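Everything below concerns the one structure shown next.
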Amino acid sequence: MEKLDICKNVLSNIPDGFIFYDTNNTIIDYNEAFMEIYGLDKKGIELRGSKASDLFKLIKVDKSIKTLVPFFPKKINGDAENAPKQLKTIISRKLNHKVKYIRRITTPIYNDDGKYSGRFCILTDITEVKENENKLKKQKEELLSTQERLRKFNDFIKKIQGEINEEDIYHDALIFLKQNVKANQILIKNIDFDSQRVNIVTSLKPVGDVFIESKEVTHNPSLCYIIRENKPFTVKDINEDYTCRYHIYPQKSGGYICVPISFNSRVQGLIHIFNLEKDYFTDEVVNFVVDVANTISSYIMALKVYKEAHFYATVDPLTEAFNRRFAESFLEKEIARAGRNKAIFSILMFDLDNFKDINDKYGHKIGDITLKMFVNFLKESLRSCDVISRFGGDEFMVILPDTDAGGAKSIIKKIKDELKNKKFILEDDAIINLSTSMGFATYLEDGKTIDDLYLKGDKRLYKMKKSIHSKLLAGR
C-alpha cells in the first residue's frame, strides 16, 4: 500500500473531501472535509473499516442522492485492464432542505506490478457553481421567453396596424389571446355609458361546459369595480376569492380575470377571460393580458384620432357634407376614371335663394340649422353614391357618377319639385320655406377639366337665379 500512503499524504493538504477504498470496497481513510460535504457527524461516526454500501445507507443514497451521470464503477476483477482509468460524476443531495451539488472524481490505484489495489475519491462542493449555472440557465430561458413574447407582440401589432375599424382590432386581439392564453371563454366588451350597457363586441366560442352570456349585458357601469377603479380584477379560485357582483359563470371551479381597456384614463372596454382550472391566472398571465389591453387601447385611440383628423380634413363640420377640398379631389379621380373607362358624370351647383333673408330674420344660429336641414334634405333626395359637398356659405355642389345631361336635368326637376312642397320646421314650430338656384355641367359635353365644369355649372345656376329674381320682381 505504498502508493496509497503517498496519495493520502498528498490529499491531506487539499481543502476538498477525499475517501479511500481497498479492493473489497472497504473504507480505509477519509478526511473531515468528506464528512462535512455529506453532512455527517465528524465526531460521532467512524467509517474506517466499513463497506461502501454501509456509507451509502448512512447518507441515504437511495433517497437523497441523485446521480446526474453514471456514478458507480463497473465491478473490478483486480487487474488494471478491466479497471476504469478515472470516473467523474456530479451528484446532488438534499441537505437541510437545500440541494447540495457534489463533484466526485474516482481514480483507481495500481501497484508497481500493475495490480489494482484500491481507489480514492475526491469530492468538491460545487453547489455555488451549479446554482449560478441554474440561475444563468433560468435567465436565458426568461430572455428567450421575453424575446418570443416580443416577437408575438410585434406580429400582433403589425396585424392591428392595418385595421381601419375598432371591431377588427378587437377581433384580432381575441385571436391573439386565444393563441397565447389558456381559456375556456374570452369576451371583449365595450361600454355605452349613455344607455348604461356593457355590450359584447366579440367572443371566443366556449370551450368545455362554460356558460356564455347574451350579446348585451345590462347593468350600471359605474358600479363595476374595474370600470370605476380602472384596474384589473383577478379571481384565482371562484370558491375561495371574492367574486364580482356581475360574475356570470355558474361553474363551481375555476377562475377569471377582467382587464380594463382605457382611453385617456377612462375605461371604454373590458377583456374578460374564464378558465375552468383554478389558480391559472398568475401574475405573468395577468400582465400579458394587461399588455394586450394597453396595446389595443393605444391603436384604437390612434384610429379615433386619425378618423377625427380625416373627418375634419374632408367634412364640413357644420353640415357634415364633404368640404370643397375633398370634393375637388374626388372630381379629379372621377375625371381620371371617366377618361380610362369612357364613363360619364355630371355635377350640380346649388345656391340658396333666400338664405340671407333667413339669417336677417332669425339670426345666424337658425341659419346654421337651416343649412344642416338642407343637406339632410339632399341626402334623402339623392342616391347614396352621389357626393354632396359644401363650398362655403350657402353654396353646395353634388357630384353625380354615371349621370348624363338628361339625368342631371331630371334630378334638378326632382329636387325643385320636392323642395317646393318641403316644410322645414324649427324647434319653436316656425316653418321655413327654401328655394335654390341650380346649374349642372356634364363631363366631355361641357368640358374636360374641373374649371370648365365649374364655369358651365355656374352659368346655368346664375341663369336660373336671374330667372327666379325676375319672376319675384314681376310678382310684386
Item to check | Cβ pairs under 9 Å, 6+ apart, first in segment 260-279 and on the phi > 0 side of the Ramachandran plot, second part of a strand (DSSP E or B) and not aliphatic (A, V, I, L, M) | outcome: Asp279/Gly255
Item to check | So Glu380, is it under 20 Å from Leu318 (Cβ atoms), part of a loop (DSSP other than H, G, I, E, B) and of a type outside the set (Lys, Arg) | outcome: no
Checklist outcome for this item: Here the residues within segment 447-465 that are touching a residue at least 40 places away in the same chain (Cβ under 8 Å) and outside any helix (DSSP H, G or I) are Lys448, Thr449
Item to check | Residues located in segment 317-337, provided they are in contact with a helix residue (DSSP H, G or I) (Cβ under 8 Å, 6 or more places away or on another chain), of a type outside the set (Val, Ile, Thr) and over 20 Å from Asn376 (Cα atoms) | outcome: Arg325, Glu328, Leu331, Glu332
Checklist entry - So which residues in segment 10-46 are modelled with pLDDT of 85 or more, under 22 Å from Tyr116 (Cα atoms) and of a type in the set (A, V, I, L, M, F, W, C)? => result Phe18, Ile19, Phe20, Ile27, Ile28
Next on the checklist: closer than 27 Å to Gly162 by Cα, surrounded by fewer than 13 Cβ atoms within 10 Å (Cβ to Cβ) and not assigned by TED's automatic domain parsing to the domain that holds His364: which single residue out of Val290, Val286, Val305 fits that description?
Outcome noted: Val305
Checklist entry - In this structure, is Thr314 in contact with a helix residue (DSSP H, G or I) (Cβ under 6 Å, 6 or more places away or on another chain), surrounded by fewer than 16 Cβ atoms within 10 Å (Cβ to Cβ) and at pLDDT 90 or above? => result yes
Checklist entry - Before we move on, is Ile227 at pLDDT 85 or above, in the same structural domain as Val290 (by TED's automatic domain parsing) and aliphatic (A, V, I, L, M)? => result no
Checklist entry - Given the conditions (1) outside the structural domain of Tyr280 (by TED's automatic domain parsing); (2) touching an Asp or Glu at 6+ places or on another chain (Cβ under 8 Å); (3) surrounded by 14 or more Cβ atoms within 10 Å (Cβ to Cβ), and given that Thr89 satisfies all but one, which numbered condition is not satisfied? => result (2)
Checklist entry - What do you reckon, is Glu320 of a type outside the set (A, V, I, L, M, F, W, C), in contact (Cβ under 8 Å) with a residue 60 or more places away in the chain and loosely packed, with under 15 Cβ neighbours inside 10 Å? => result no
Item to check | Filtered residues of segment 390-406 (kept if closer than 15 Å to Thr436 by Cα and buried (at least 19 other Cβ atoms within 10 Å of the Cβ)) | outcome: Arg390, Asp394, Phe396, Met397, Val398
Checklist entry - Can Asn199 be described as among the polar types (S, T, N, Q), without any contact (Cβ under 8 Å) to a residue 24 or more places away in the chain and either touching a Cys at 6+ places or on another chain (Cβ under 7 Å) or closer than 19 Å to Ile226 by Cβ (or both)? => result yes
Item to check | Meets criteria (within 25 Å of Glu328 (Cβ to Cβ), of a type in the set (Phe, Trp, Tyr) and without any contact (Cβ under 8 Å) to a residue 60 or more places away in the chain) for Phe396 | outcome: no
Item to check | Test: residue in segment 137-157 that is over 27 Å from Phe274 (Cβ atoms), loosely packed, with under 13 Cβ neighbours inside 10 Å and touching a residue at least 40 places away in the same chain (Cβ under 8 Å) | outcome: no
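The values are calculated or read from the model by the stated rules, or taken from the named source; none is laboratory data. Just so we're clear, the structure is a prediction, and the values are computed from it rather than from any experiment. We place every Cβ from the backbone using ideal geometry, glycine too, and count neighbours over all the protein chains shown.
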